[in-house]
Amino acid sequence: MTEQVVRPLAVRSVGRSLERVDGHEKVTGAAAYAVEHGEADGVIDPLHVWLVQSTVARGRVARLRPEAALSHPGVVAVIDHSNAPRLRDTGNRELLILQDDAVGFRGQVVALVLAESAESAREGAALVDVSYEVEPHEAELREDNATYKPDSVNPDMDTDTEDGDVDAALAAAEVVVDHVYRTPYEHNNPLEPHATTAWWEDDAGREVLSMFDSTQGVHGVVESLAPLFGLEAEQVRVRAPYVGGGFGSKGEAHAHVVAAALAARTTKGRPVKLAVTRQQMFALTGYRTATISHLRLGATADGTLTAIEHAVQEQTSAIREYAEQTASPTRMMYAAPNRRTSHRLARLDVAVPSWMRAPGEMPGMFAHEVAMDELAVACGIDPLEVRERNEPDVDPETGRPFNNRRLLECLHRGAERFDWASRPPGPRATVDGDWWVGTGVASATYPAMKMPGNSARVRSLDDGRYAVAIGSVDIGTGARTVLTQIAADALDVEPGDIDLAIADTRLPPASVAGGSSGTSSWGTAIVAAAQRFRADHGPSPDPGVETTASAADDPAAEQYAFHSFGAVFAEARVNRWTGEVRVPRLLGVYSVGRVVNPMTARSQLLGGLVMGLSAGLFEESHRDPRFGHVVTQDLATYHVAAHADVLDLDAEWLEEADEVFTPMGSRGIGEIGIVGTAAAVANATFHATGVRVRSLPLTADRFLA
Amino acid sequence: MDAHISLTVDGTERSLDVDTRTTLLDALRERLAVTSPKKGCDHGQCGSCTVLLDGRRHLTCLTLAVAHDGAEVVTAAGLADDGLHPVQQAFLDHDGYQCGYCTPGQVCSAVGMLDEAKQGHPSHVTDDLVGDVDLDDDEIRERMSGNLCRCGAYPGILAAIREAATA
Amino acid sequence: MRAMRYLPAESPVWAVETVAGSPGAQFLAGGTNLVDHLKLGVTAPELLVDISRLPLDQVEQYDDGAGLRIGANVRNSDLAAHPLVRSRMPAVARALLSGASGQIRNQATTAGNLLQRTRCVYFQDVTTPCNKREPGSGCSALEGYGRYNAVLGASAACVTTHPSDLAVALAALDATVVVLGTEGERRVPFADLHRLPGDDPSVDTTLGDGELITSVEVPVSRASERSTYRKVRDRASFAFALVSVAAAVELDGPVVRDVRIAWGGVAHRPWRARLAEAALVGRELTEDAVRSAVDEELADAETTAQTAYKVPMLRNTTALTLTRLAEEETR
């Protein structure tokens, strides 16, 4: 493997719209997702696995009787902690399933049923008779129990930060905004439920575990599973040619992936298919913690911040810690000499929370951006002005210069497009028929991240084309398409000359499709491999020569704080009879570096706005603390935005190229669309009605007198 | 308990034994390896499993296969004899999808919906119930609301259907 | 989902005779609710009698246009699209069109819509107590997730609501349900079809063993022609009602001659607001008059922190709906 110092790309295809290279497969349904592979892919006569879940939140499996299940026609086996293949303890109790009788949350996997058909497996699972020794549980997040201080917050940030003297500054402030903001539990709910096909084979005397998994990172699945099963990484092959969305929930392997591998281990080579049901996803595949944000802003009368405090309370699971970095954007967003942030957790007997699109930024910026709106109101100034007034010269957290902070330009461009100048300054000023009408704005930000551990391979083909390979995954982002464009430009050929292979651990390693880092990380590796390939083999290489390379670190980049920025503008209408909220206009203007493919990028940004709108108006997982599980566990009771909810929606971006960050000039766009969007909608509903709602979602009942 | 049924799937006659419990969706996916219809929720709450069943858009997850012996099923894979259906081409042109998982259902739903509109069926947002249907954006959005897209590709889906409706 | 026998019905009488006396037998029509429940384990029949292909699929006028007789198997979408439904009883069309999705309306039948069961999250989750699903096990919704709970007519045994939109419109329009049983046919006034939970919420309706709805008769009146349905929900589409209002009105000048008000999302059955109606007949239809009439109906409402919103929502939505109908009437 070679490290290559990368040069900025001479762009030709990059920057232009290219129809998705896998579009035909998607619109016809020919694209094969994780449990849709057949004999051609080695999946022959598979068994079906169904998960049996605990019905208590904490305790022990006292007795598990499989007899009725085993006598059901088609059922082949029942696997529980007494007969499951042994796993090695890697310290991840979410994954260490069926190794003992302990129950740590309601919905935990306590047995697996294998059967010849999905129908038999499901009925078999219903027939497994489990009784429990029940222990008292705690499953409710409250301000009085979220007191535990984690060592760090996701991924490895400081738990608390403090600069200056916040208390003194607040005491001296002319204006103080001091409120509690709440966001609910939210579930990622990609349309393709989590699913895995797995089988074990003998490969020249070595066991090999093969999987098709619905994952955001095939290599990450190997890193999780290989040590659990005592295997070398080479003994696990994971493929994910098509993945039906993830939004963070497929960023790491969850228990069902281990369940599939365990089940397959017992079948003497016969493949198994495990499709998690929509209901099971609410317990087993991650979710966003609820958050309680206590925001205190101190300012001078003109809205200049003198103090920012963001104290976060949220929850984690007692069996595995995940601490959402909710206050992290508050650390860098606005200037103020005195600043303090903190995170405290309740360790509950609940399912393991995890990543959901813009972890940290999404709930944190809801709180902060509604608070900024309240500051504008308190000071009697425009919400744009309060943001202008507190624009920092350098990153307040690190003291480094921003690579390219164009927040104000985003705000100004959006204001122009939204006709902000004609906005009545006060709330409850506009009625149109049955509707109170208002507009609101919020800032958005997301860090620009590039992950280590990526490399790519370039090989010349017989026909003058090039095979380019990297193990990254396209979860719907358009990665397959934009990486083709990047490879084409890096090799100075047409996109049609690129034969791109992705989503297989036999290919060079790639980091997870998460943190808006995919294109930056993988694209940089492809550019490195292509530039090295040309250096090694010239413009007219012999067929069959190849180069594998990764990008050398760029020390010059370390002097900057890399972030993307944006501004979200919303119009909200609140029905003055019913309280119903509709959002007829939603606009995001972004500074995200160079946009590699405007067509797919636009879809990404609009999709983020839709998810932010959805979180703003609808999404809430209701955990019943008596039982410990989420009871709104399907798509009828957990509402995500439907087509009728998404009206005039638009996204645009500033022309720019961030070539300090990546050779493509891009920074990443997957997450920023969801950031600030719920706040913009909430601020618009305040402007419409004069009713300030500080907790999501903004449902009709909040606006009824 | 098993039953023997025949289906015409994307123009091909198929006969198969199904468990009486088997949904049409599972019959297609697991017995016939027709995986164009997707399983997003299995409870009629997302629309990913939509096909045209005897010419109308239909959720295969809430349908027992045994109750549809002799039915004609058209999935997104069989909408066009050759190449793509105009609705599918419009989805490509307007990037009306991202991950692609809801897409075959969206496409089938759109084809069925356009036919319903052509027949003059009103919708929840039709102001004048007895008048003609003007398939404007709000009408398309409402009529397509049984197909959830978590990627949020609705603007592209709308543009695609608008174009296909006027083509 | 246990193994079950499946039989296509040969005739309505055959279907009734096959199901009557067999506690493990159930009718299968559109399947949109039953198949859902089979998978969840909410119900586990031994025998499904498929009535979906019985020729109960006509919409026809009866008594020289006095009303419409709607076959039990008429699909929701076909009923909503029927010209006479659209012109003579718009509340029925609007209720149907506000329910579920285009695909589900293509599948779901008229009778099946009326007999669909509650969407209470605990009823649908077999790991939690629910008196409706498992009599005597307790009501989890009483102190649990209750945003969709009833505010009228509930009991300590069950606080859920009926999910149908169509049923609310039919309640307002004084429909009659035609039922076939082993003893022959009987006619059930719509108000008598669904029950309140009392101490046995496991029973949703007054239908007897094996009884099959064969049609629904809806009388046409001046009020039915001036009727509508307003559903309030979180999502703009494809969501169950927070509350809904079916309303019909006939005015004599500014004065109410005939008014019908039925509510959805408030009780274990569609709630006909007869007290409110009585308070309005003979009076001038104003927003304030409607609000005070609604308050009479809601005098006995019992709310919690989670359902308190339903009172102002009902008051406002009923006022909105009726005053708009009156405006149209006088336009």
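When B:VAL133 is tested against (1) more than 9 Å from chain C (Cβ to nearest Cβ); (2) at pLDDT 95 or above, only condition (2) is not met.
Any residue that is over 23 Å from the mean Cα position of the chain (by Cα) and more than 27 Å from A:ARG278 (Cα to Cα) - is there at least one of those in the stretch C:76-94? Steps first, please.
Taking the stretch C:76-94 and keeping what is over 23 Å from the mean Cα position of the chain (by Cα), we get none.
No; the residues of the stretch C:76-94 include none that is over 23 Å from the mean Cα position of the chain (by Cα) and more than 27 Å from A:ARG278 (Cα to Cα).
Determine which member of the set A:ARG626, A:ARG585 is of a type in the set (Lys, Arg), away from chain B (no Cβ under 14 Å) and out of contact with any helix residue (DSSP H, G or I) (no Cβ under 6 Å at 6 or more places or on another chain). Reasoning before the result, please.
Numbers: A:ARG585 fails: away from chain B (no Cβ under 14 Å).
Residue meeting the stated conditions: A:ARG626.
Considering only residues that are assigned to a loop (DSSP other than H, G, I, E, B) and within 22 Å of the chain's Cα centre (by Cα), look in the stretch B:1-20 and name the one that is surrounded by the fewest Cβ atoms within 10 Å (Cβ to Cβ). Lay out the reasoning, then the answer.
Step one: of the stretch B:1-20, the residues assigned to a loop (DSSP other than H, G, I, E, B) are B:1, B:10-11, B:20.
Narrowing further to those that are within 22 Å of the chain's Cα centre (by Cα): B:10-11.
Numbers: B:ASP10: 19, B:GLY11: 10.
The residue in question is B:GLY11.
Among the residues making up the stretch A:285-314, those that are among the polar types (S, T, N, Q) and closer than 30 Å to A:VAL258 by Cβ are A:THR285, A:THR289, A:THR291. Taken together, A:ARG623, A:ARG602 contain a single residue that is surrounded by fewer than 24 Cβ atoms within 10 Å (Cβ to Cβ) and not hydroxyl-bearing (Ser, Thr, Tyr), which is A:ARG602.
The single condition from (1) touching a residue at least 40 places away in the same chain (Cβ under 8 Å); (2) surrounded by 20 or more Cβ atoms within 10 Å (Cβ to Cβ); (3) among the aliphatic types (A, V, I, L, M) that C:VAL179 fails is (1). Within the option set A:ALA323, A:ALA299, being more than 30 Å from A:ARG623 (Cβ to Cβ) and among the small types (Gly, Ala, Ser) holds for one residue only, A:ALA299.
Given the residues A:ALA680, A:ALA636, A:ALA642, which is the only one that is free of Cβ contacts under 8 Å to residues at least 12 places away in the same chain, touching a Phe, Trp or Tyr at 6+ places or on another chain (Cβ under 9 Å), more than 30 Å from A:ALA556 (Cβ to Cβ) and crowded, with 24+ Cβ neighbours inside 10 Å? Before the answer, list the steps.
On the way: A:ALA680 fails: free of Cβ contacts under 8 Å to residues at least 12 places away in the same chain; A:ALA636 fails: crowded, with 24+ Cβ neighbours inside 10 Å.
Result: A:ALA642 is the single residue among A:ALA680, A:ALA636, A:ALA642 that is free of Cβ contacts under 8 Å to residues at least 12 places away in the same chain, touching a Phe, Trp or Tyr at 6+ places or on another chain (Cβ under 9 Å), more than 30 Å from A:ALA556 (Cβ to Cβ) and crowded, with 24+ Cβ neighbours inside 10 Å.
You will find that of A:ARG142, A:ARG182, the residue that is touching a residue at least 12 places away in the same chain (Cβ under 8 Å), of a type in the set (Lys, Arg) and part of a strand (DSSP E or B) is A:ARG182 and no other.
Out of A:HIS194, A:HIS187, which single residue is at pLDDT 95 or above, surrounded by 20 or more Cβ atoms within 10 Å (Cβ to Cβ), within 14 Å of chain B (Cβ to nearest Cβ) and out of contact with any His (no Cβ under 8 Å at 6 or more places or on another chain)? So that I can check it myself, show each step before the final result.
Working: A:HIS194 fails: out of contact with any His (no Cβ under 8 Å at 6 or more places or on another chain).
When all the criteria are applied, what remains is A:HIS187.
Whether any residue in the stretch A:68-78 is of a type in the set (A, V, I, L, M), more than 30 Å from B:ALA160 (Cα to Cα), within 29 Å of the chain's Cα centre (by Cα) and surrounded by 21 or more Cβ atoms within 10 Å (Cβ to Cβ) is what I want to check. No: the stretch A:68-78 contains no residue that is of a type in the set (A, V, I, L, M), more than 30 Å from B:ALA160 (Cα to Cα), within 29 Å of the chain's Cα centre (by Cα) and surrounded by 21 or more Cβ atoms within 10 Å (Cβ to Cβ). Among the numbered conditions (1) on the phi < 0 side of the Ramachandran plot; (2) under 20 Å from the mean Cα position of the chain (by Cα); (3) surrounded by 24 or more Cβ atoms within 10 Å (Cβ to Cβ), the only one that A:GLY478 does not meet is (1).
Counting only residues that are out of contact with any Leu (no Cβ under 9 Å at 6 or more places or on another chain) and within 14 Å of chain C (Cβ to nearest Cβ), the stretch A:635-682 holds 4 of them.
Contact map, the stretch B:124-145: residues that are more than 20 Å from C:LEU79 (Cβ to Cβ) paired with residues that are part of a loop (DSSP other than H, G, I, E, B), Cβ distance under 6 Å, separation 6+ or inter-chain. Pairs shown: B:ASP138/B:VAL125.
Within the option set C:ARG230, C:ARG269, being under 20 Å from the mean Cα position of the chain (by Cα), buried (at least 21 other Cβ atoms within 10 Å of the Cβ) and away from chain A (no Cβ under 14 Å) holds for one residue only, C:ARG269. Mind listing just one residue for me: the one in the stretch A:157-182 that is within 24 Å of A:THR289 (Cα to Cα) and in contact with a helix residue (DSSP H, G or I) (Cβ under 7 Å, 6 or more places away or on another chain) and, of those, surrounded by the most Cβ atoms within 10 Å (Cβ to Cβ)? Only one residue tops the list, namely A:TYR181.
Tell me, please, whether a residue that is buried (at least 20 other Cβ atoms within 10 Å of the Cβ), over 30 Å from A:ARG331 (Cβ atoms) and at pLDDT 95 or above can be found in the stretch A:137-151. Full working, then the answer.
Within the stretch A:137-151, the first condition is being buried (at least 20 other Cβ atoms within 10 Å of the Cβ), and the residues that meet it are A:137, A:139, A:141, A:146.
The next check asks that each one be over 30 Å from A:ARG331 (Cβ atoms); those that pass are A:137, A:139.
So of that shortlist, the ones also at pLDDT 95 or above come out as A:137, A:139.
Looking for residues that are buried (at least 20 other Cβ atoms within 10 Å of the Cβ), over 30 Å from A:ARG331 (Cβ atoms) and at pLDDT 95 or above, one finds at least one in the stretch A:137-151, hence yes.
Within the stretch A:197-246, being more than 14 Å from chain B (Cβ to nearest Cβ) and part of a loop (DSSP other than H, G, I, E, B) holds for A:ALA204, A:GLY205, A:GLY217, A:PHE229, A:GLY230, A:LEU231, A:GLU232.
The values are calculated or read from the model by the stated rules, or taken from the named source; none is laboratory data. None of the values given here were measured: they were computed from a predicted structure. FYI the Cβ positions are ideal-geometry reconstructions off the backbone, even for glycines, and counts take in every protein chain you see.
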